[in-house]
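First up is the structure itself, then whatever we jot down about it.
The values are calculated or read from the model by the stated rules, or taken from the named source; none is laboratory data. Not measured: the values here are computed from a predicted model. Cβ sites come from the backbone with ideal geometry, for glycine too, and all protein chains shown count toward neighbours. For accessibility, only protein heavy atoms count, side chains too; no ligands or nucleic acids. Shrake-Rupley method; radii C 1.70, N 1.55, O 1.52, S 1.80 Å.
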Amino acid sequence: IWTWYELGAGDVPYPSPADIGFVAALVFLALGVLTWPRTERAWGLGDLVDALLMVGAVLLASYVFVLEPIVANGIEGAPDLLLIAYPLADALLLGAILVGVTLHSFLQPGPLLLIALGLVAMVAADTGFAVAGESYRTGSAIWDAGWTVAFALVGAAVLLPPGWSERLRLPASAGPLAVIALLTVAGAMQEVHDLQDVPLRQAVA
C-alpha cells in the first residue's frame, strides 16, 4: 500500500490503510521480544535497579528526542495521537531489548542487536514523520531511509548465521556506558533547548 502511495497515487491520507501494516509490524516485533529465549536465572535486587536505570534513561531520551518535539509541533485530534504512539512504541521496544541484552538475559543476542539498531532508525523515521506533519511528501522525505534501514536490519537479523550471534554479545560495561551516554546526550539536548530564549549571562551560569 505504501509503495502505491510512493508511486504517485496522490496525497497520502492519514491514518491510511498502510498504518495497519505498520501497527502489525510493531505488534509482531513486540511478540518476538517477549517470546525470545532467555537464560534461566533469578533476578536479584541489583539486576532490578540496573533495569530501572536503563529504562529511565531510555524514557528520558524518548521524551527529549521524540515526545517533546512532536508535542511542540502541536497535537490536534485522535490521528495525531497515533503519531506519538509510533515512535514511543519503538522506543519502549528498544528499551526492553537494551535491558535484556545488557543484563545478558537473552540467549542469541546477535539478532536482537540488529533489531535494536533497526528500532533506532525507526524511532528517527517515525519522529521525523510526526514532526513534519502535513509538510511530509512521499518520495522525497529523508525519513523514508529510516524505515528502509529498519526493516532491512530486521531481515538481516533473521539471516544472521548462528555462529555470529554469540560473537555480537555485548561486554559487561555496555550497560553502564549506554546509560551514561543516554543521560548525557538527553540532558545536554534538554539544556540547549531550555537556554535558547534566556540571556547569555544566565545561560552561561
### Query
Once both labels are modelled 7 Å past Cα along the beta-carbon direction, what's the Thr184-Leu168 spacing in nm?
2.5
### Sparsely packed trypsin sites (Lys or Arg not before Pro) within region 139-205, loop by DSSP, other Cβ within 10 Å at most 16
Arg169
### Message
At 7 Å along Cα-to-Cβ for each site, give me the label-to-label distance between Leu82 and Thr39 in nm.
### Response
4.1
### Message
Could you tell me the calculated FRET efficiency between Leu159 and Glu68, based on Cβ-Cβ distance and R0 = 35 angstrom, to the nearest 0.05?
### Response
0.45
### Where N is the number of residues in the chain, Cα Rg divided by 2.2 N^0.38 Å
1.13
### Query
How long is the gain from Ala24 to Val49 if the chain were fully straight, where each residue apart is worth 0.36 nm and the alpha carbon distance is subtracted?
5.8 nm
## Note on the structure
Rounded to whole Å², per residue accessible area for the chain with a 1.4 Å probe reads 58
### Query
Percent of accessible area on the chain owned by carbon and sulfur, 1.4 Å probe?
71
